[in-house]
Structures are given as structure tokens and as C-alpha cells.
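In what follows, a structure is listed as C-alpha cells, so that the remarks can point back to it.
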Amino acid sequence: MSLNFLTGLILGNSMYLLLLIDFLFRNILYLRIAAILASTCAILYYLITVHPPLWLNIIWEFLFVLANVIQISFFLYEHYIFELTADEKQIYQ
């Protein structure tokens, strides 16, 4: 077996395993992190194992990563950085 084949086997299976794990998470932050890892494996798979690289797939996977990073930043801002005033907390509750 060639190194290229083994690399593709590891990256391809890692990608699908991480996608499967995505469906098991209830915490949206963990789900998005696993989705980013899966997309990263997909990007590497399309770059390393396929000749010529599948640029359409790479671009779309990059956009999925970007969307998840943006959503994680919104989540962290809302849950850990953003503070309500005492009046706003009373109205919210």
C-alpha cells in the first residue's frame, strides 16, 4: 500500500467518523467543533489524495468551516462575554 492511499484512508474515515459523532452531540458548541474537524479532514483529503484536487469541494468545505467559526464566535459572545444589566436580566427572566 502506498502512503497516499493510507493517508486517504485515514483522512476519509476520520471525516465520516467525525460527521457521525456530530449527530450524537447535544451541546451545539461541541457539535460545531466536531463539524470543523470533519471539514478540515475533508479539505486535507481533497487536497492530498485526489489529483487534481477537487477545488469545488475544498471551497465549500472551507465555507462550512468559516460558517461554523462565525457561529461559535456568536455563541461565545452571547454566553460568556455579553452582560445584561440588572433591569434587562429581570425583564428577560
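Coordinate-derived values only; no laboratory data. All of these numbers come straight from a predicted model, not from anything done at the bench. Cβ placement follows ideal geometry from the backbone for every residue including glycine, while neighbour counts extend to all protein chains displayed.
One table, with the values for the structure above:
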read-out	value
R0 of 25 Å, Cβ-Cβ distance residue 81-residue 60: FRET efficiency to nearest 0.05	0.25
Tensor-based shape of region 17-79 (alpha-carbon gyration tensor, a/c under 1.5 rounded, otherwise prolate or oblate)	oblate
Degrees, to the nearest 10: 28-48 long Cα axis against longest axis of the chain	20
Most positive-pole-ward Cα, 6, 24, 44, against dipole of the chain from beta carbon charges	6
Between helix 55-76 and the chain: long-axis angle, C-alpha atoms, 0 to 90°, nearest 10	20
Unit charges on C-beta of K, R, D, E only; dipole of the chain, Debye	320
Debye equation applied to the C-alpha atoms of region 1-40, log10 I(q)/I(0) at 0.30 Å⁻¹	-0.90
